[in-house]
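Step one of this worksheet: look at the structure below.
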Amino acid sequence: MAPRVKRIYLPPAPDDGIRVLVDRLWPRGLSKAAAAVDLWAKEVAPSDALRRWFHHQVALWSEFEARYRAELAAPERVAALDQIADLARAGPVTLLYGAKDETHNQARILAAVLAERA
């Protein structure tokens, strides 16, 4: 089953299943209790260099996606991807992100990558 994608600032819902934060940095102004994160998967977040390069500029989206997919293919990230994929096979998983843009964020790409691996 493909993971769902949700902005972390939205309240947790019973159908979220396992809530996985896929940002490298903790979301600003949000307590750990309010976030209700089950797993913080920093290992699958874009590198600091890529995150800073992209800086949520929609014009760079296609290149960001290509570079992020290349990062996700790195051997050191495969174990973390496998862990999330295993969780998704077992039940609902929601990938959480902090970006304001609900369309152009790494969680969307990560969900697609996980769906392709299923």
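Points worth noting:
- Free of any trypsin sites (Lys or Arg not before Pro) that DSSP assigns to a loop and that have at most 10 other C-beta atoms within 10 Å, the longest stretch within the chain is 29-99.
- Translational diffusion of region 42-111, µm² s⁻¹ [Kirkwood Rh, Cα pairs; Stokes-Einstein; 10 °C; 1.306 mPa s]: 124 µm²/s
- W26-W53 FRET efficiency (beta carbon distance; Förster radius 22 Å; 0.05 resolution): 0.55
- Region 21-29 - phi-based ³J(HN,Hα) in whole Hz, Karplus 6.51/-1.76/1.60, Gly and Pro as x: 7, 10, 9, 6, 10, 5, x, 4, x
- Average accessible area per residue (Å²) across the chain - probe 1.4 Å, nucleic acids and ligands excluded: 54 Å²
- The chain: calculated mean residue ellipticity at 222 nm from DSSP helix runs of at least 4, using -39500 (n - 2.57): -13000 deg cm²/dmol
- Percent carbon-and-sulfur accessible area, the chain, ignoring ligands, DNA and RNA, probe 1.4 Å: 56 percent
- What the phi angles of region 5-14 give under the Karplus curve with 6.51, -1.76 and 1.60, with θ = phi - 60°, is a coupling list of 10, 8, 5, 5, 6, 7, x, x, 10, x Hz, glycine and proline written as x.
- The calculated pair-distance distribution of the chain uses every alpha carbon pair, bins of 10 angstrom beginning at 0, and gives 14, 50, 32, 4 percent.
- Amide H contacts of R19 (H built 1.01 Å from N, in plane; Pro and chain starts excluded): D38, L39, T94 sit under 5 Å, all sequence-distant by 5 or more or on other chains.
- Compactness of region 1-50, expressed as Rg and Dmax over alpha-carbon positions, Å: 11.3, 35
The values are calculated or read from the model by the stated rules, or taken from the named source; none is laboratory data. These figures come from a predicted structure and were not determined experimentally. Using ideal geometry, Cβ is built from the backbone for each residue, glycine included, and neighbour counts are taken over all protein chains shown. Surface areas here come from the heavy atoms of the whole protein model, side chains and all, with no ligands, DNA or RNA. Shrake-Rupley method; radii C 1.70, N 1.55, O 1.52, S 1.80 Å.
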